[in-house]
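Student: I have a structure I would like to understand better, so I am pasting it below and will then ask my questions one at a time.
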Amino acid sequence: MTSYRPDALIASDISAYLRLHQNKSLLRFITCGSVDDGKSTLIGRLLYDSKMIFEDQLASLEADSKRLGTQGQEIDFALLVDGLAAEREQGITIDVAYRFFATEKRKFIVADTPGHEQYTRNMVTGASTADLAVILIDARKGVLTQTRRHSYLCHLLGIRHIVLAVNKMDLIGYDQAVYDAIVEDYRGFADSIGIAGFTPIPISGFKGDNITGPSANTPWHAGPALLEHLESVQIDADADAARPFRLPVQWVNRPNLDFRGFAGMIASGSISPGDKVRILPSGQTSSVARIVALGGDRAGAVAGESVTITLADEVDCSRGDVIAAADAPPQVADQFQATIVWMDQAEMLPGRAYWLKLGTQMVSATVQPPRHAVCVNTMAELSVKTLGLNDIGVAEVYTDRGIVFEPYAESKDLGGFILIDKATNATVAAGMLNFALRRAQNVHWQAVEINREAHARQKHQAPRLLWFTGLSGSGKSTIANMVEKRLHALGKHSFLLDGDNIRHGLNRDLGFTDADRIENIRRVGEVARLMTDAGLIVLTAFISPFRAERELVRKLLPEGEFFEIFVDTPLEVAEARDVKGLYKKARAGQIANFTGISSPYEAPQNPEIRVDTTRETPEAAAERIVEAIMGTWSPVI
């Protein structure tokens with residue numbers, strides 16, 4: 001490897017410098033492994049030995065080495081990586097540090113990710129766009145759990161080029177036997193998870209052994225040095241271009257009435273004016289009229305380019321849609337099997353609605369209880385009820401509408417997704433769609449002639465869902481029962497769903513964990529929606545402790561039909577009543593996951609009606625609720 005000085009070339013001939021870089025291939029790679037295995041030091045060494053630092057940076061580096069007491073010793077190359085310097089100074093771990101460097105043969109973008117288990121999410125971020133992974137192993141420690149975790153994730157994320165860099169060889173005296181044992185140990189694991197092959201290299205990031213050239217300290221190593229391998233590894237850069245055309249629409253560009261273009265980055269394939277395309281999920285077809293990019297109209301475009309295309313026909317197409325080759329479109333489905341990497345401190349709650357973001361598409365999705373989780377040490381499939389921080393599992397994912405997708409093995413762009421908590425907007429998981437569940441394509445909504453409007457007209461009333469929520473013992477059932485009696489006396493058609501009664505039948509298989517509570521409310525919400533379809537006024541009396549699930553039920557109904565009624569009773573008052581003796585048992589530890597004691601209650605923030613039971617009698621509250629409903633009444637005649 002012959003290094004060069006870009007600063008000199010830039011100063012003398014900027015055009016020559018740009019021409020030199022224009023046709024170089026780009027390799028994105030990630031360094032990963034366990035804590036303190038030398039990732040940042042290795043990257044610093046690569047930057048230094050490839051001469052991608054200038055005199056002022058070197059002077060700063062030497063000053064930092066003196067400040068840290070390393071004067072007269074080898075330079076601490078980790079200081080070249082600003083993220084690590086910040087970590088040392090601030091006592092924190094940086095998310096993902098990206099660095100750019102180049103040699104005469106290739107350009108590189110390297111992602112330096114933390115090795116700590118709690119930062120697995122950061123490693124997934126860096127690996128999601130990588131072509132190659134450098135898995136570092138401390139020669140003194142061998143293959144660790146985090147080595148296995150990161151290797152499994154790299155394989156899962158579709159990285160097919162793996163370098164096993166056995167680092168700190170200088171600290172074991174360049175012992176070949178130790179190195180060979182580590183390689184064989186890793187090979188057994190790699191075979192078990194389907195890694196077809198990897199390139200082992202004995203290195204010392206600190207001393208520079210086998211980094212940019214062969215080391216005299218390892219004459220027994222016949223393979224390439226690390227940078228030599230990075231420069232020569234063959235990346236199938238044309239794979240995306242060879243696949244069918246896909247353009248996820250990022251935004252609709254309409255600067256004037258005569259122009260309507262659909263902008264985005266081409267995920268795969270190529271396109272030219274006149275090509276037939278299909279808009280998904282709608283399935284409408286058209287042909288490409290123009291391809292517009294920076295500089296004007298183009299005769300064609302390929303994967304990786306950002307363009308705006310116009311269509312020959314006026315079709316319905318918006319952000320989140322996918323423009324695809326008409327004769328080879330991707331699939332559309334709303335139920336999938338997926339592999340999920342959970343990345344949040346709070347456990348996954350099966351049945352809870354999360355935002356699912358796939359490319360430019362954003363939909364509401366629920367995750368079912370996992371089929372299994374994967375033990376990264378043994379690759380055993382473990383039976384679990386949920387997923388916790390850094391767990392990897394397989395589960396079914398249901399979306400609220402069909403999304404355009406391809407299996408992750410075929411397309412990272414249309415197969416990889418993230419899950420976002422609706423309340424906090426935090427990214428809680430990354431996932432890979434494996435395949436659609438065929439029942440999603442075989443089950444269709446059956447249209448009926450007697451619809452909800454017809455049922456409501458027959459009863460001369462508008463459907464309503466009165467959702468009573470509050471702590472156990474707050475008086476929900478009492479007030480709901482009084483409201484229904486009043487409605488019945490007024491000749492209204494109603495039905496009361498009570499929490500305890502439902503758990504004797506429909507939901508008798510559910511317990512009181514957070515996941516079971518979510519499923520309990522989901523089922524009740526679906527039943528209540530069907531009853532409002534029948535034109536009924538439905539009353540429900542459930543603790544329903546989580547805002548997200550109450551909001552999910554609200555969205556099942558048309559605007560204005562859901563009434564959240566917060567029966568606001570302080571915990572001490574409800575506990576003093578303790579009609580069923582439940583609080584006493586909860587305090588004694590005889591009831592687990594009891595709302596208000598050992599499980600949270602999220603009070604409504606903007607309920608339609610609030611009842612303060614410390615100031616209002618149940619009778620007065622019931623009368624006020626009926627009057628409030630009648631005041632907004634829109635009878636259907």
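Student: Kindly flag which residue pairs out of 412/555; 422/584; 168/385; 107/276; 107/168 have an alpha-carbon separation exceeding 29 Å in this structure. Don't jump to the answer; show the numbers that get you there.
Tutor: Details: 412/555 31 Å; 422/584 35 Å; 168/385 41 Å; 107/276 36 Å; 107/168 26 Å.
Exceeds cut-off: 412/555; 422/584; 168/385; 107/276.
Student: List the longest stretch of the chain that has no exposed loop site; here a site is one of the chymotrypsin sites (Phe, Trp or Tyr not before Pro) assigned by DSSP to anything other than H, G, I, E or B, with at most 15 other Cβ within 10 Å. It would help to have the intermediate numbers written out before the result.
Tutor: On the way: sites that count: 4, 54, 220, 445, 633.
Longest gap between qualifying sites, sites excluded: 221-444.
Student: Okay, next question. I'd like the carbon and sulfur percentage of the solvent accessible area for the chain, probe radius 1.4 Å, heavy atoms only, ligands and nucleic acids excluded. Mind dumping the intermediate values first?
Tutor: Numbers: 14830 of 29340 Å².
Its accessible area is 51 percent carbon and sulfur atoms.
Student: Lys and Arg at +1, Asp and Glu at -1: add these up for the other residues within a Cβ distance under 15 Å of residue 489 and post the number. Spell out each step's value before the answer.
Tutor: On the way: positive: 485, 486, 492; negative: 484, 619, 623, 627.
That sum, taken over residues with Cβ under 15 Å, equals -1.
Student: Rank these residues by their accessible area, most exposed first, probe 1.4 Å: 503, 149. Don't jump to the answer; show the numbers that get you there.
Tutor: Values: 503 45, 149 25 Å².
Correct descending sequence by accessible area is 503, 149.
Student: Decide, for segment 383-495, between rounded, prolate and oblate: order the square roots of the alpha carbon gyration tensor eigenvalues as a ≥ b ≥ c, take rounded if a/c falls under 1.5, and otherwise choose prolate if a/b is larger than b/c, else oblate. Show your work: numbers first, answer last.
Tutor: Details: a/c = 3.59, a/b = 1.73, b/c = 2.08.
Note, shape of segment 383-495 comes out oblate.
Student: May I pose another question? Local charge sum around residue 507 (other residues, Cβ-Cβ under 14 Å, Lys/Arg +1, Asp/Glu -1)?
Tutor: Values: positive: 503, 508, 517, 522, 523; negative: 498, 500, 509, 516, 519, 526, 549.
With Lys, Arg at +1 and Asp, Glu at -1, the neighbours total -2.
Student: Identify all lysines with a Cα-Cα distance to residue 476 below 16 Å; exclude those on the same chain that are fewer than 8 residues away in sequence.
Tutor: The qualifying lysines are 485, 580.
Student: Roughly how many Å² of residue 233 are accessible to a 1.4 Å probe, to the nearest 10?
Tutor: My reading of the accessible area for residue 233 is about 10 Å².
Student: On a 1.4 Å probe surface of the protein chains, which of 141, 476 comes out largest in accessible area, and what is the full order? Walk me through the numbers on the way to the answer.
Tutor: Numbers: 141 105, 476 20 Å².
Of 141, 476, the descending order of accessible area is 141, 476.
Student: Hey, what's the chain come to in accessible area per residue, 1.4 Å probe, Å²? Numbers along the way, then the final one.
Tutor: Working: 29340 Å² over 637 residues.
That works out to 46 Å² per residue.
Student: Tell me, what ³J(HN,Hα) does each residue in segment 493-503 have, in order and in whole Hz, if you take phi through Karplus 6.51 cos²θ - 1.76 cosθ + 1.60 with θ = phi - 60° and put x for Gly and Pro?
Tutor: Once rounded to whole Hz, the list reads 8, 9, 7, 9, 9, 9, x, 5, 5, 5, 6.
Student: For labels at residue 615 and residue 371 in the simple 7 Å Cα→Cβ model, what's the distance in nm?
Tutor: Each label point is offset 7 Å from its Cα along the Cβ direction, giving 5.5 nm.
Student: Let a ≥ b ≥ c be the square roots of the eigenvalues of the Cα gyration tensor of segment 252-335; is it rounded (a/c under 1.5), or, if not, prolate (a/b larger than b/c) or oblate?
Tutor: Details: a/c = 1.65, a/b = 1.33, b/c = 1.24.
Note, shape of segment 252-335 comes out prolate.
Student: May I pose another question? What order do you get for 223-231, 455-463, 380-388 when each peptide is scored by the mean count of other beta carbon atoms within 10 Å, highest first? Before the final figure, lay out the partial values.
Tutor: On the way: 223-231: 19.9, 455-463: 18.3, 380-388: 14.6.
Sorting 223-231, 455-463, 380-388 by mean packing, highest first, produces 223-231, 455-463, 380-388.
Student: Where in the chain are the DSSP H helices whose C-alpha atoms run 24 Å or more along the long axis and whose mean Kyte hydropathy is at least -0.5? Working shown, then result.
Tutor: On the way: long enough: 176-193 (26 Å, -0.01); 514-533 (29 Å, -0.67).
Helix filter hits for the chain: 176-193.
Student: Also, I was wondering about something else. Given a Förster radius of 41 Å and the C-beta distance between residue 275 and residue 503 as r, what FRET efficiency does 1/(1 + (r/R0)^6) yield to the nearest 0.05?
Tutor: Values: r = 58 Å, r/R0 = 1.41.
In this case the efficiency is close to 0.10.
Student: With every atom except the alpha carbons ignored, what do you get for Rg and Dmax of the chain, in angstroms?
Tutor: For the chain, the Cα radius of gyration and maximum Cα-Cα distance read 30.7, 96 Å.
Student: Is it possible to state the helix-based mean residue ellipticity at 222 nm for the chain, with each DSSP H run of 4+ residues giving -39500 (n - 2.57), the sum divided by total residues, to the nearest 500 deg cm²/dmol? What is it? Each step should come with its number before you reach the end.
Tutor: Numbers: 20 runs with 187 residues, N = 637.
Calculated from helices alone, the mean residue ellipticity at 222 nm is -8500 deg cm²/dmol.
The values are calculated or read from the model by the stated rules, or taken from the named source; none is laboratory data. Not measured: the values here are computed from a predicted model. Cβ sites come from the backbone with ideal geometry, for glycine too, and all protein chains shown count toward neighbours. Keep in mind that these areas ignore ligands, DNA and RNA; they rest on the heavy atoms of the full protein, side chains included. Shrake-Rupley method; radii C 1.70, N 1.55, O 1.52, S 1.80 Å.
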